[in-house]
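> Here it is, the structure in full.
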Amino acid sequence: MRVRMAPSPTGPLHIGTARTSLYNFLAARHAGGTYVLRVEDTDTARSTVEFERDIIDNLHWLGISWDEGPQVAGGDDIGPHAPYRQSLRLELYASETERLLAAGAAYRCWCTPEELEAVRREQEARREPPRYNQRCLGLPDAERDAFVAEGRRPAIRFHVEPEVVRFDDLVRGEVEFDNSLLGDFVIVRNDGAPLYHFVVVVDDQAMEITHVIRGEDHLSNTPKHIALIRALGYVEPRFGHIPLILNADRSKMSKRKSQVSISAYREEGYLPEAFVNFLAFLGWSPGTEEELFTLDELAQRFEVEKVHKGGAIFDRDRLDHLNGVYIRALSDEQLALRLRSWVPDAVGDEDLVRMVPLVRERLVRLGDVGALIGFAWEPDEVVASWYAPELLHPRNGGPEVARQALERARALLTDVDDADFSAEVLEQLCRAAADEAGVKAGDFFTPIRVAVTGRTVSPPLFASLEMIGRQRSIARIDEALAKLVVEAVS
RNA sequence: GCCCCCAUCGUCUAGAGGCCUAGGACGCCACCCUUUCAAGGUGGAGAUCACCGGUUCGAAUCCGGUUGGGGGCACCA
């Protein structure tokens, strides 16, 4: 089995492309086959190395690797069929075009865009399917010479035979199309650039691809490809069309309505293993109720034949949940390592490891770490700027209760021995103080929490106090006390 | 407009004629745990398996039609 992924570097790695890549990768791994990456950069106007880099980097980030093709953007191609970038394979396309021309299966078309547009409009008016009228098929030499004299440059069209094409799709079963409904389509532009439908067929043959697994949006293109394959005398591969990933309104997932670039999810802090696990289930399931799988386990279970036919909506809530599951499974050290790029360099590695237990259960995306525990590294004044004085008020009680709690906490934090400056002891002492003051523990803790973390919602209070230490804790309580005074005056 | 594909809780899905008074997960609700928020635990609401016919002793599962949704019809990929 030889499968391939053929992304076009005209944009960053798209969710749909990522999942198609994943399915191809899993199919190859499952069968012990070969996985090829081919860069479809025939659209030179829109293709860039930056996009190629984004695609390759993010594919690697997901844990997807390939046996043949460029391993690095702009790098050398590896494999017996190199090069794997279509912009470097133009000679092959040119010679195959000649073969088609010589066999009479393709012909030059001299029509201008305006002429084609006029024909199209006419057909539309007559409610006919819009397709090429074959004006240049068998064009008399005299007319051709006139076009040449005019300075026109011809495109090359493939002549589609009016026949019924059938194929057995790996996921959809028998599919049938009537090619007489198709027009003769352009395979080489008049500037000499070969087009997608043509090069995809040529390269799949040249690279000995046995299974073409791609998005359902290509299902209707398949009869064109099969016609081309037959005309060129190629071996027909098996085709498998996987369902589309959908926007919330069930239309094909698009940039307009959803976040589609993998790098955006990566930047938010989704773990690649969670993302891949999620992606795999968008259109496939192992047929059991298990749902947590590593890439290797997925490869073990994956079968194209079990891929669904219907499209699947991309559900963020589910992704978030899965990401949390994977985050919680990480050790302190592992999670700290993953968090490294989201935390300022000034925070030492050891401190970061100490923070992990305070955030692990609360973290949905790695990128949320700052919002959760940024108070641990932000300056006291910054933390104080996060809240308005009235947030210091406990649920049951106003500024007076807040002031009382803060003052008692301040005294207690000042008096406690260094050895006792721990979450356990501090909690004990604060509970006793709350009792003594006749205030419910929760109400007593709220002002302290806000003073120290700057938020009403935070990681466990006493572990937070221990984390930031005596000095900063007291300084923040002082800031809070000052805010209460300002509030009272105004 | 023409062609093709699809159709199980809001969402992702299990289900390949009797195991289904349709299972799991996410989300939602309630309760428990609890210093807040999470996480965790328990329970709940939520799908006449799009609809209509047929085949069969028996259909979510097979067949036909209808409806709905989607995709494709470029000198883009």
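Where a number appears in this text, it was derived from the coordinates with a stated rule and is not lab data. Keep in mind that this is a model prediction, so the values were computed, not measured. Virtual Cβ from ideal backbone geometry, glycine too; neighbours counted across all protein chains shown.
> Let me check I've understood the local charge: for A:Leu182, count other residues with C-beta under 11 angstrom from its C-beta, Lys and Arg +1, Asp and Glu -1. What total comes out?
So the surrounding residues net to -2.
> Shifting gears a bit: Only four residue types carry charge here, +1 at the Cβ of Lys and Arg and -1 at the Cβ of Asp and Glu. Report the dipole size of segment A:343-412 about the Cα centre in Debye, rounded to the nearest 20.
Its charge dipole is roughly 400 debye.
> Go through A:307-315, A:241-249 and give me the packing order, highest mean Cβ count within 10 Å leading.
Descending mean neighbour count gives A:241-249, A:307-315.
> Further question on the same structure: Using the alpha-carbon atoms, what tilt in degrees (0 to 90, nearest 10) does helix A:90-102 show relative to the longest principal axis of chain A?
30
> While we're on this one: Under a Cβ-only charge scheme (Lys and Arg +1, Asp and Glu -1), can you give me the dipole magnitude of segment A:235-300 about the Cα centre, in debye to the nearest 20?
Working: 7 positive and 10 negative charges, 129 e Å.
That gives segment A:235-300 a dipole magnitude of about 620 debye.
> Which of A:Asn323, A:Pro344, A:Val359 sits closest to the plus end of the dipole of segment A:317-374, meaning its Cα is farthest towards the positive end, when Lys and Arg get +1 and Asp and Glu get -1 on the C-beta?
So the residue we want is A:Asn323.
> Could you check the simple spin-label distance between A:Glu98 and A:Arg318, using points 7 Å along Cα→Cβ, in nm with one decimal?
The answer from the label model is 5.2 nm.
> What distance in nm separates the two pseudo spin-label positions at A:Glu143 and A:Asp435, each 7 Å out from Cα along the beta-carbon direction?
Taking the simple label geometry, A:Glu143 and A:Asp435 are separated by 10.3 nm.
> Per-residue HN-Hα couplings for segment A:451-459, Karplus 6.51 cos²θ - 1.76 cosθ + 1.60 at θ = phi - 60°, whole Hz, x for Gly and Pro?
Those phi angles translate into 4, 8, 9, x, 9, 7, 10, 7, x Hz.
> With everything on Cα atoms, drop me the angle between helix A:196-206 and the longest principal axis of chain A, reported from 0 to 90° to the nearest 10.
90
> What order, most packed first, do the peptides A:76-84, A:376-384 have when packing is the mean number of other Cβ atoms within 10 Å of each residue? Please list the in-between numbers first.
Numbers: A:76-84: 15.6, A:376-384: 17.3.
Ranking the peptides A:76-84, A:376-384 by packing returns A:376-384, A:76-84.
> Stick to Cα atoms and the Kirkwood definition of Rh, then tell me Rg/Rh for chain A.
Over the Cα atoms of chain A, Rg/Rh equals 1.17.
> If I model a spin label at A:Arg470 and A:Glu128 as a point 7 Å from the Cα along the Cα→Cβ vector, what separation in nanometres do I get?
Here the answer is 9.3 nm between the modelled labels.
> Same structure, new question: Computed FRET efficiency, Cβ-Cβ of A:His308 and A:Glu361, R0 35 Å: what is it to the nearest 0.05?
Working: r = 33 Å, r/R0 = 0.96.
The value I calculate is 0.55.
> Here's a follow-up. Given R₀ = 51 Å, what would the calculated FRET efficiency be for A:Glu390 paired with A:Glu297, taking r from the Cβ atoms and rounding to 0.05?
So, using R0 = 51 Å, E works out to roughly 0.45.
> Helix-derived [θ] at 222 nm for chain A: sum -39500 (n - 2.57) over DSSP H runs of at least 4, divide by residue count, nearest 500?
The per-residue figure over chain A is -14500 deg cm²/dmol.
> Further question on the same structure: Give me the distance between the Cα centres of segment A:333-389 and segment A:1-76, rounded to whole Å.
When both Cα centres are located, 35 Å separates them.
> Can you give me the orientation-averaged projected area of the convex hull built on the Cα atoms of segment A:206-364, in nm²?
Taking a quarter of the hull surface, the average projection is 12.8 nm².
> Could you tell me the center-to-center distance, by alpha carbons, between segment A:187-201 and segment A:203-238 in angstrom?
If we compute the Cα centre of each part, the gap is 15 Å.
> Helix A:141-150 sits at what angle to the longest principal axis of chain A, using alpha carbons and giving 0 to 90 degrees rounded to 10?
Around 50 degrees separate the two axes.
> Which three semi-axes in whole Å describe the equivalent ellipsoid of segment A:448-490, each the square root of 5 times a Cα gyration tensor eigenvalue, listed largest first?
21, 12, 5
> How many angstrom lie between the Cα centre of segment A:396-423 and the Cα centre of segment A:115-150?
Value for the Cα centre distance between the two parts: 87 Å.
> Using the number of other C-beta atoms within 10 angstrom as an exposure proxy, rank A:His30, A:His321 with the fewest first.
Exposure proxy ranking, most exposed first: A:His321, A:His30.
> Using the eigenvalues of the Cα gyration tensor, what equivalent ellipsoid semi-axes result for segment A:353-490 when each is taken as the square root of five times the eigenvalue, whole Å, largest first?
For segment A:353-490, the semi-axes come out at 22, 18, 14 Å.
> Efficiency by 1/(1 + (r/R0)^6): what FRET value for A:Glu115 and A:Glu176, r their Cβ-Cβ distance, R0 = 22 Å, to the nearest 0.05?
Efficiency, rounded to the nearest 0.05: 0.10.
> At 0.36 nm per residue, and after removing the present C-alpha to C-alpha distance, how many nm does the segment from A:Thr288 to A:Arg153 gain when stretched out fully?
Additional length available on full extension: 42.7 nm.
> Name the residues of segment A:376-394 whose amide N is less than 18 Å from a point 7 angstrom out from the Cα of A:Ser490 along the C-beta direction?
From segment A:376-394, the list is A:381-393.
> Next question. Against the globular-protein guess of 2.2 N^0.38 Å, express the Cα radius of gyration of segment A:3-95 as a ratio, rounded to two decimals.
Details: Rg = 12.7 Å, N = 93, 2.2 N^0.38 = 12.3 Å.
Its radius of gyration relative to the 2.2 N^0.38 Å reference: 1.03.
> Using 0.36 nm times the number of residues separating A:Arg135 and A:Val382, minus their current alpha carbon distance, what extension gain do you get?
Taking 0.36 nm per residue and subtracting the Cα distance, the gain is 81.6 nm.
> Further, regarding this structure: If you take the charge dipole of segment A:31-137 about its Cα centre, with +1 on Lys and Arg Cβ and -1 on Asp and Glu Cβ, which of A:Cys109, A:Ile78, A:Leu62 is farthest toward its positive end?
A:Cys109
> Where the only charges are on Cβ atoms (+1 Lys, Arg; -1 Asp, Glu), what is the dipole of chain A about its Cα centre, to the nearest 20 debye?
Dipole of chain A, to the nearest 20 debye: 1240 debye.
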